[in-house]
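Here's the structure, in structure tokens; my notes come after.
The values are calculated or read from the model by the stated rules, or taken from the named source; none is laboratory data. Note that this is a predicted model, so its numbers are computed, not measured. Heads up, the Cβs are rebuilt from the backbone with ideal geometry, glycines too, and the neighbour counts pull from every protein chain shown. Heads up: the accessible areas ignore ligands, DNA and RNA and are worked out on the full protein's heavy atoms, side chains in. Shrake-Rupley method; radii C 1.70, N 1.55, O 1.52, S 1.80 Å.
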Amino acid sequence: MEKANITKMRDFYFTELSDLPEVKIFLFVAILLIYLITLAGNGSILTAIATDVHLQTPMYFFIGNLSFLDVLCPTVTVPKMLQVFLSEDKSISFVGCVLQLFFLIDAVGTEILLLSVMAYDRYVAICSPLHYTNIMTKRQCVHLAAGTWLTGFISSMIHTSLNFTLSFCGPSKIHQYYCDIPPLMAASCSSTYLPELAALVGGILGGGAFLVTLISYIYIISTILRMQSAEGRRKAFSTCGSHLTVVFLFYGTTIATYVRPTSSYSPKQDRIVSMLYGIVTPMLNPMIYSLRNKDVKRALVKAFRLKRFS
């Protein structure tokens, strides 16, 4: 009997997005469609970058890393979410929850830093074009990308270990559709001081990355305003505006989710916010950063041997 109780304590149970069958079917189809679009868009970018020598540049190297993260992040959560829609079993094992949280935080933490690196790359390209090749060397790009991945990995190890040293009394219901830091802390029956402190430190570091990104774009916009060509300014502003939309959406939702005390946790609000950075943003990134680019379109046509129709 005691062994059975321990086993139950190691299971977690997700909250459904809706109890209505019609709504569940709609959500299943919508989320599946978004996920498939995400895989197709980011997969296309990765294929184009890998097969076209003209895209072997620092900018596309970082975009390739972003596309991989945008495949990883929803893949960690969406398949289990879709299973919950179709099945009466809303549980996830202790090990499954640990792995889900680890890879989610790893992907989110790495992307936060990667967006700031990408902004810095564009800052150097636009504001110091003559020094770009000397600053953004292949070696430097690899070091920057590796630094973001290593930092994301270490951060995830810390957050995951702290959250799963908490005590969970009996079968724990997670008011979310995947394992994440705020609902896990809310489900705990022990002190969450250390996980909250780690989340605060992570939020400060994320805020620093956002500040670097914002400052880079301020310098970029300032340089664009000094351009002589009105058409050049229009195109540059269009691109920067799209990039900033994604940046604010991603940083805003992630910081709002993780940088706050457990007492202010709102399950319904968090489920909506997490949809934005966990599912919607990975779908939007390839459309905004690459798929409108003529070089990427040309590479895709070449890679898939498709005919272009005017």
Quiz item: In the chain, which cysteines lack any other cysteine Cβ under 4.7 Å from their own?
Solution: 73, 127, 141, 240
Quiz item: With each pseudo-label sitting 7 Å past Cα toward Cβ, what's the residue 130-residue 303 distance in nm, one decimal?
Solution: 3.6 nm
Quiz item: Which of the pairs 138/302; 138/297; 24/90 have their Cα atoms more than 18 Å apart in this structure?
Solution: 138/302; 138/297
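Ordered by packing density, taken as the mean number of other Cβ atoms within 10 Å over each peptide's residues, highest first, how do 61-71, 132-142 rank? Each step should come with its number before you reach the end.
Numbers: 61-71: 22.7, 132-142: 13.0.
My ranking of the peptides, most packed first, is 61-71, 132-142.
Under DSSP H, which helices of the chain have Cα atoms covering 24 Å or more of the helix axis and a Kyte-Doolittle average no less than -0.5? Kindly include the intermediate steps, with their values, before the conclusion.
Details: long enough: 21-51 (44 Å, 1.73); 58-86 (42 Å, 1.20); 94-127 (49 Å, 1.61); 138-163 (37 Å, 0.28); 193-225 (47 Å, 1.70); 230-258 (41 Å, 0.29).
Membrane-span-like by this rule: 21-51, 58-86, 94-127, 138-163, 193-225, 230-258.
Quick check: at a probe of 1.4 Å, how many percent of the accessible area of the chain sits on carbon and sulfur atoms?
Working: 10780 of 15920 Å².
C and S atoms contribute 68 percent here.
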Quiz item: Where only protein heavy atoms count, and the probe is 1.4 Å, what is the accessible area per residue for the range 101-196 in Å²?
Solution: 44 Å²
Quiz item: Net charge near residue 106, counting Lys/Arg +1 and Asp/Glu -1 over other residues with Cβ under 15 Å of its Cβ?
Solution: -3
